[in-house]
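The values are calculated or read from the model by the stated rules, or taken from the named source; none is laboratory data. In this text, all values refer to a predicted model and were calculated from it rather than measured experimentally. Glycine also receives a Cβ, built like all others from the backbone with ideal geometry; neighbour counts cover every protein chain displayed. Areas reflect the complete protein model, heavy atoms only, side chains present, ligands, DNA and RNA absent. Shrake-Rupley method; radii C 1.70, N 1.55, O 1.52, S 1.80 Å.
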Amino acid sequence: GFRLIFVSVSASEWGELRLTFEATVLEAKQEEFEAFLTHKIREFNNEHSEFHREARKPGSLKPINIILENESGTPIGGLAANTYWDWLEIGNFYIPEELRGQGIGVRLLKQAEEIAIGRGCRRAFLTTFEFQARGFYEKQGYYVTGKLEDYPPQSTYYWMRKDLMAKP
C-alpha cells in the first residue's frame, strides 16, 4: 500500500486552522475496515431514515424460501426472498435448465408474490443480468426500472419491479 496526505486549511476568527489527514491505500481484502464502513453507513441511515431504523430491528426482514427438491429431498433449485417495508425483494431464484419452460418458475414466483401480498407488500423488485431471465420476469409483469450497460462487459445488469397491488 501507500499513503496519501491531505491538508485542509480554513480561516476562522482565531486565524488559520490547518488539519492534516492521511489515507492509506491497500489493495487486499480488509474485512474489519469494510465492517467499520458498513456500521458507519447503517448508523447514518438509521439516524436519517425511520424506515432503515425499523428494518434493522429483529424480525423486520421476513424471509420467504421456496425450496424445489428432487424425489430424494435434495434441493435442486428454488427462490429466496425477503419482505420488508411494503416490498418483496427477490434475492436468488434458480430453476435447473432441464425443468425450465414447464411452468415451475412461474408457480414459485407467484407463490412468493402471494405470500408477500398476504404480508401487506404492494411491490416487488429484483435484479437480473441480460443473459439470465429478463424475458421471463417481463412475462410475469415485471418491468425495467434501471440498467447498467456493459456490466459485465458486453452485457447489461437490470433492476426490475412489479406492482403487486394498487395503492389504497
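Could you tell me whether any residue of the stretch 144-162 is in contact with a Gly (Cβ under 8 Å, 6 or more places away or on another chain) and basic (K, R)? Checking the stretch 144-162: at least one residue is in contact with a Gly (Cβ under 8 Å, 6 or more places away or on another chain) and basic (K, R). The residue pairs whose first member lies in the stretch 36-63 and is part of a loop (DSSP other than H, G, I, E, B), whose second member is at pLDDT below 90 and open to solvent by 60 Å² or more (accessible area, probe 1.4 Å), and whose beta carbons are closer than 9 Å, counting only pairs six or more residues apart or on different chains, are S60/E54. Checked against the criteria, E54 does not count as at pLDDT 95 or above and acidic (D, E). Taken over the stretch 57-83, the criterion of being under 21 Å from E114 (Cα atoms), at pLDDT below 95 and of a type outside the set (S, T, N, Q) is satisfied by G59, L61. Taken together, G105, G15 contain a single residue that is within 22 Å of Y158 (Cβ to Cβ) and either out of contact with any helix residue (DSSP H, G or I) (no Cβ under 7 Å at 6 or more places or on another chain) or modelled with pLDDT of 90 or more (or both), which is G105.
One residue stands out in the stretch 59-81 among those that are among the small types (G, A, S) and under 16 Å from the mean Cα position of the chain (by Cα): the one that is surrounded by the most Cβ atoms within 10 Å (Cβ to Cβ), namely A81.
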